[in-house]
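The values are calculated or read from the model by the stated rules, or taken from the named source; none is laboratory data. Since the model is a prediction, treat every value here as computed from it, not as a measurement. Counting neighbours? That spans all protein chains shown, and the Cβs are built from the backbone with ideal geometry, glycine included.
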Amino acid sequence: MGSMHTGSARRYECAQLICSYLLSQKKIRAVASSRDISLFLHLSEKSTRSVSAMLNFLYTNRIREPRFGFCILGTIPFRKFEYPHRYTIELIDEGRGLL
C-alpha cells in the first residue's frame, strides 16, 4: 500500500485545516483522526487523504515546529492494528500563526 506524498504548499493548507478544526471546537488539545477533521469541516475524500498524509508525516518525522501551528503528542492505534488512526494534537501558541 503506497502512501500519498503531500507538497509543502499543501502541507500548510492542511495545517490550516487542522488548526481550524481545533479552534472551531474551542480546544487546545484533541484526539482526532483525519476522518474526524474532514467530516467536521465538510472536506472531500481527496482532502481527507491529504490531512491524513500531513498527520502521518509530522508523526513519523517527529516534527514539532511552530510554523504548522500544532504538534502531535502521540497516537492511539485503532483496535489491534498498529497504524495510528487517531492522533493527540495540540495547538502551539493557539494556532494563531496560521489563521
Worksheet entry | Tally of residues being modelled with pLDDT under 90 and either outside any helix (DSSP H, G or I) or among the polar types (S, T, N, Q) (or both) across the stretch 1-24 | 8
Discussion item. If I filter the stretch 30-45 for residues that are modelled with pLDDT of 90 or more and aromatic (Phe, Trp, Tyr), do I get at least one hit?
Written reply: yes
Discussion item. Every residue in the stretch 16-59 that is under 15 Å from residue 89 (Cα atoms), surrounded by fewer than 19 Cβ atoms within 10 Å (Cβ to Cβ) and of a type in the set (Val, Ile, Thr), please.
Written reply: 28, 31
Worksheet item: With 65, 13 as the choices, which residue is touching a Cys at 6+ places or on another chain (Cβ under 9 Å), without any contact (Cβ under 8 Å) to a residue 40 or more places away in the chain and closer than 18 Å to residue 92 by Cα?
Response: 65
